[in-house]
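Notes follow the structure.
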Amino acid sequence: MKRLIRATCFLSLFLFSGSVFAQDRIAVATLNGETIWLEEVMRAAEGLPPEYRQAPMDTYFDQLVAEVIDTRLAAAAGYGSNLDKDKAVAQAMKMAADRILAEAFLSATINSQITDEAIMSAYDAFVADTASREQVTASHILVETEEAAHEIIAKLNDGGDFATLAKENSTGPSGPNGGDLGTFGRGQMVPAFETAAFAMPVGSFSAEPVQTQFGWHVILVSERSVQPPPEMEAMRAQLSNNLSRQHLGRLLETLRVDAVIDLRSFEDIRKDAQAAKQAQ
């Protein structure tokens, strides 16, 4: 989970930075003869609260430019006061520089691998994976106990009509409709129900009751189909993002192979922090 969170943060940053670095630099303003570039203003926009970023940019763009100007002027004053020589400030500046360099490296390395050929190959793999697009049309009878479910199965084996038994016995909301659940794909039902439904042949009902948190199910699968894949261009952005995540994970692992990493426990760190606070 930690690696996923970190990788997602890196991904969102380098995808943004890559799109900016790939463009010709666009001038926004000048300050004392030095150009302020659009990418600097867009960086400032990243720090805005979500409610501001959802508004049209032209409503707050001038404010962003003003913030960049104020930041440059204040930074120049900080250099003039030799604050960049302060140990804590210098460390913070190095951390910011490292972050920017990391983003640029990740962006350049991974974007070079997201070629048209790579995207087409990923699309072909998606098309070949029909299981992910498989759907079933099913009905079910939901009862409270396993014994009641076995009784339903026995009646079905004796020739009972599934829809009639669902109307008479099912406690689920689909009962009045003969237990009809319609057509659904993977990931739309609870795991135990989905596993059973997708494993059943068309026209069959459950040989054994299926238990979920809702009770005991008897399932009937009436149809199976595979959704046609979207056109490749419609999936280009999704495929590109998936490839970026895959390459990012591999790249970060590669960078760690020869690194010597010694991690302290959170408890030890907390003890040191508490001791430092008490010593103040």
For the condition at pLDDT below 95, within 24 Å of GLU223 (Cβ to Cβ) and within 32 Å of the chain's Cα centre (by Cα), what is the one hit in GLY172, GLY182, GLY187?
GLY187
Take residues that are under 25 Å from the mean Cα position of the chain (by Cα) and tell me which of the helices (runs of 4 or more DSSP H) falling wholly in region 20-122 contain 3 or more.
38-46, 50-53, 87-111
For GLU231, are the conditions met, namely being acidic (Asp, Glu) and either touching a residue at least 60 places away in the same chain (Cβ under 8 Å) or under 30 Å from TYR123 (Cβ atoms) (or both)?
yes
Out of all the residues in region 33-46, is one or more farther than 21 Å from ARG256 by Cβ, at pLDDT below 90 and among the β-branched types (Val, Ile, Thr)?
no
So, ASP116, is that one free of Cβ contacts under 8 Å to residues at least 60 places away in the same chain and either basic (Lys, Arg) or surrounded by fewer than 12 Cβ atoms within 10 Å (Cβ to Cβ) (or both) or not?
yes
Being of a type outside the set (Phe, Trp, Tyr), assigned by TED's automatic domain parsing to the domain that holds PHE198, without any contact (Cβ under 8 Å) to a residue 24 or more places away in the chain and surrounded by fewer than 16 Cβ atoms within 10 Å (Cβ to Cβ), is that true of even one residue in region 136-147?
yes
May I ask you to list the residues in region 213-240 that are surrounded by 12 or more Cβ atoms within 10 Å (Cβ to Cβ) and out of contact with any strand residue (DSSP E or B) (no Cβ under 9 Å at 6 or more places or on another chain)?
PRO229, PRO230, MET232, MET235, ARG236, GLN238, LEU239, SER240
Is there any pair with a first residue in region 45-61 that is assigned by TED's automatic domain parsing to the domain that holds THR71 and a second that is hydrophobic (A, V, I, L, M, F, W, C) and in a loop (DSSP other than H, G, I, E, B) whose Cβ atoms are under 8 Å apart and which are 6 or more apart or on different chains, and what are they?
TYR60/LEU48
Criterion: closer than 22 Å to HIS150 by Cβ and touching a residue at least 60 places away in the same chain (Cβ under 8 Å) - qualifying residue of PHE198, PHE214:
PHE214
Suppose the filter is out of contact with any Phe, Trp or Tyr (no Cβ under 7 Å at 6 or more places or on another chain), part of a helix (DSSP H, G or I), surrounded by 13 or more Cβ atoms within 10 Å (Cβ to Cβ) and modelled with pLDDT of 95 or more; does LEU243 pass it?
yes
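The values are calculated or read from the model by the stated rules, or taken from the named source; none is laboratory data. The shown structure was predicted, so the numbers you read here are calculated from the model rather than taken from an experiment. Quick reminder, even Gly has a Cβ in these numbers, built from the backbone with ideal geometry, and neighbours come from all protein chains shown.
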